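Quick notes on the structure that follows.
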Amino acid sequence: MKTGVKFSLMRSVRGLVSVIIPTFNSSAYIAETLASVLSQTYAEIEVIVVDDASSDRTVDAVKAFADQRIKLVRHGRNRGPGAARNTGMAAAQGRWVAFVDSDDQMKADRVEKLVAAIADAGEGFFVADDE
């Protein structure tokens, strides 16, 4: 019986997750970061990369990915990581948001586990992780 309840709750919380990646001069790392985000086992994602006026080839590295789930937003001047996160939030279309730094990688099941935690917690809770 509990499994049926959890299953129906899990189905009700599914939806688009916006993964926001603030970046500045991350050309050496951003491709690995994007590859890890795009390989999520939870398929309903959009990826918002907010370039905070990089002066290296970060934008070229992002544009090299031919994946329609990636949305690139660019700041005209460097405004800092907080502003880049806020810009990402403003562009997000998802029901939920997950952040990843541009020099980090996500485990393939991270978003799936977060959505499952939301299902377990119920509406009205904030879910975070340290992975």
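If the condition is being over 17 Å from the mean Cα position of the chain (by Cα) and among the basic types (K, R), then region 64-92 contributes R77, R79.
What do you reckon, is G82 in contact with a strand residue (DSSP E or B) (Cβ under 9 Å, 6 or more places away or on another chain) and surrounded by fewer than 17 Cβ atoms within 10 Å (Cβ to Cβ)?
Working: in contact with a strand residue (DSSP E or B) (Cβ under 9 Å, 6 or more places away or on another chain): yes; surrounded by fewer than 17 Cβ atoms within 10 Å (Cβ to Cβ): yes.
So G82 passes the test.
Just one of the numbered conditions (1) within 11 Å of the chain's Cα centre (by Cα); (2) within 22 Å of G15 (Cβ to Cβ) is not true of E123: (1). Being open to solvent by 20 Å² or more (accessible area, probe 1.4 Å) and of a type in the set (S, T, N, Q) is a property that holds for T87. Would a scan of region 57-68 turn up a residue that is more than 18 Å from S18 (Cα to Cα), small (G, A, S) and at pLDDT 95 or above? Within region 57-68 (the criterion being more than 18 Å from S18 (Cα to Cα), small (G, A, S) and at pLDDT 95 or above), the answer is yes, since at least one residue qualifies. In region 14-23 there is no residue that is in contact with a strand residue (DSSP E or B) (Cβ under 6 Å, 6 or more places away or on another chain), in a helix (DSSP H, G or I), at pLDDT 95 or above and open to solvent by less than 50 Å² (accessible area, probe 1.4 Å).
The values are calculated or read from the model by the stated rules, or taken from the named source; none is laboratory data. Everything quoted here is computed from the prediction, not taken from an experiment. Don't worry about glycine lacking a Cβ; one is built from the backbone with ideal geometry, like all the others, and counts go over all protein chains shown. Surface areas here come from the heavy atoms of the whole protein model, side chains and all, with no ligands, DNA or RNA. Shrake-Rupley method; radii C 1.70, N 1.55, O 1.52, S 1.80 Å.
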